[in-house]
Structures are given as structure tokens and as C-alpha cells.
Amino acid sequence: MTVHFVGAGPGAADLLTLRGVTLLRESPVCVYAGTYIDAEVLGHCGPGTRMVDAQHLDLDEIVAELVAAHEQGLDAVRLCSGDPSVYSALTEQTRRLDLAGVPWDVTPGVPAYAAAAALLGTELTVPELVQSVVLTRAHAQSTKMPETEQLARFAESRASLVLHLGITQIRQLVDQLVPSYGSDCPVAVVAHATRPHELVLRGTLADIADQVEAEGLRHTALIIVSRALGVRGGVSCTAESHLYSAERQRAR
């Protein structure tokens, strides 16, 4: 049978895709990360679903659960927080499934950065100001970053920067970003996006670390650094997209 990797989205139970909800309802086995996925999301599962909380399992143990379901002739959902394309260990798991001869597919989910931008009411690509978004993470006690992906290098682009897994290193990150972005660059920190206890902090590189530490944030928070955060209402940037311009429409 098939292992379905399903993006659970940022946290809210109604932000899963219709396909994801159908797979949860119809699959007899669900392997999920209890650290990030709450009971409301799991409520989409069928009443007889065998639930496996993977938060205390290593990678081989997780895959063993998926292979066991396949050998029993059962479909299984591997429920990932956010979207499986980013920091989900999809590559490591599917490599093992391929070796075991287990078929699999992927259903995308709403990524955390998109949910955070929605809460902020912000477009991360503003005409003539910033047209790129960099998704990256901090490095501490985690997988080593490639040499070409050091944070200071990304900062030189001054693109909208979305930092995952770095909230406990906020001061060190700020120190690396200020030389390129400037201490006055707008920053937002979004914790537990779309959940009842969500928290949004707004500031600049000069003061965001103080705010984060005052709130005691330790987990499940995104850091967004971008000049795009400061243009709501067109106060500092009034350029508009050529795609929707009257001039372009007349030329068609």
C-alpha cells in the first residue's frame, strides 16, 4: 500500500488541504509529530485510525512504522507540520521507503512562512523594493549548514528573509544581519501561527531580541526580516506591479 506524506499546515485544523483531510480520514494508520500537531488536526482522522506519535522515535523507528503498515496492506499518513518541502526530513524517509520497496506520495500543506505573512497582512515581495524570499534556518545543535549558505551571505541580498529554528539565537542572528539590513530594518516574530495562543511581535533589528527574550520564546517561532514589513499602506513605497498596470493592459 502507499505512504502519504501530508502537510498539516501551520497549526489550525481548517488550514489543511481537502486532499490532506481525505487521506487522514481514509488511511488506517497515521504517524504524526506530537510536538507540533495538536488534537484538532488529528480530529480529521477516522475513528478507527491507529495513531503513532513520532516525537520520541528516531528516523529508523518512524520508517519501520510506515513499512509495517505497508506490509499489513494498509495505507499510512505521515503527517508533517507545515509543508513537506521544507525541514520535514522527507528526503531521509523516502530514501528508506524506496529501499524497502514502499510506494509513497506527497500532499503539500500551507507553509509556516505563508501563514505568518498572512497574520502580518504582508506581501513579502513588494515592487521595486524586494522581489525575493529566502527561507533558511539557524545552525546550533543541528545539521551543519553548507558553507555557501551562511546567513551573512544571504543577508547581503537584502531579500525578505525567513528564519526557521533560530528563536533561541536571536541576538547572534541580529548581529549577523545588521551590517547588511541596518538596525532599523523591520522584523516580525510569529510564534504558534494560526493557533489559539499565537503571538506576533513587531519591531526592528535594534529591539526585536529584547522583545523575544521578554516573552520567553523558545519554540515554534519564525523570524521574518524585510523592508517589505514597513510598507503597509504605501507609506514608504508606492511602486506598483507592471503585471496589473493600465499601460500593460492597453498594450495587449
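Worth pointing out:
- Of all residues in the stretch 80-107, those satisfying the criterion of being within 21 Å of D53 (Cβ to Cβ), touching a strand residue (DSSP E or B) at 6+ places or on another chain (Cβ under 9 Å) and open to solvent by 50 Å² or more (accessible area, probe 1.4 Å) are S81, Y87, W104.
- Where a residue in the stretch 26-51 is in contact (Cβ under 8 Å) with a residue 60 or more places away in the chain and its partner, wherever it lies, is small (G, A, S) and open to solvent by 30 Å² or more (accessible area, probe 1.4 Å), with Cβ under 6 Å and at least six apart: Y36/S81
- Residues within the stretch 118-158 that are small (G, A, S) and more than 22 Å from V178 (Cα to Cα), tallied: 3
- Selected residue (criterion: least open to solvent (accessible area, probe 1.4 Å)) from residues of the stretch 113-127 that are in a helix (DSSP H, G or I) and either of a type in the set (S, T, Y) or in contact with an Asp or Glu (Cβ under 8 Å, 6 or more places away or on another chain) (or both): A117
- Enumeration of residues in the stretch 13-39 that are at pLDDT 95 or above and closer than 12 Å to T194 by Cβ: A13, D14, L15, L16
- The set of residues in the stretch 171-226 being more than 18 Å from the chain's Cα centre (by Cα), over 27 Å from A13 (Cα atoms) and among the β-branched types (V, I, T) consists of V174, V178, T204, I208.
- Number of the condition not met by M1 [criteria: (1) touching a strand residue (DSSP E or B) at 6+ places or on another chain (Cβ under 8 Å); (2) open to solvent by less than 50 Å² (accessible area, probe 1.4 Å)]: (2)
- When the residues of the stretch 225-252 are filtered to those that are assigned to a helix (DSSP H, G or I) and of a type in the set (D, E, K, R), the one that is modelled with the highest pLDDT is R227.
- Among the residues listed as V130, V110, the single one being open to solvent by less than 50 Å² (accessible area, probe 1.4 Å), closer than 30 Å to L229 by Cβ and over 16 Å from the mean Cα position of the chain (by Cα): V130
- The number of residues in the stretch 202-224 being under 12 Å from I167 (Cα atoms), open to solvent by less than 60 Å² (accessible area, probe 1.4 Å) and either in a strand (DSSP E or B) or of a type in the set (D, E, K, R) (or both) comes to 4.
The values are calculated or read from the model by the stated rules, or taken from the named source; none is laboratory data. Keep in mind that what you see is a predicted model, and the values were worked out from it rather than measured. Methodologically, a virtual Cβ is constructed for each residue, glycine included, from the backbone with ideal geometry; neighbour enumeration extends over all protein chains shown. Heavy atoms of the whole protein, side chains included, go into the accessibility calculation; ligands, DNA and RNA do not. Shrake-Rupley method; radii C 1.70, N 1.55, O 1.52, S 1.80 Å.
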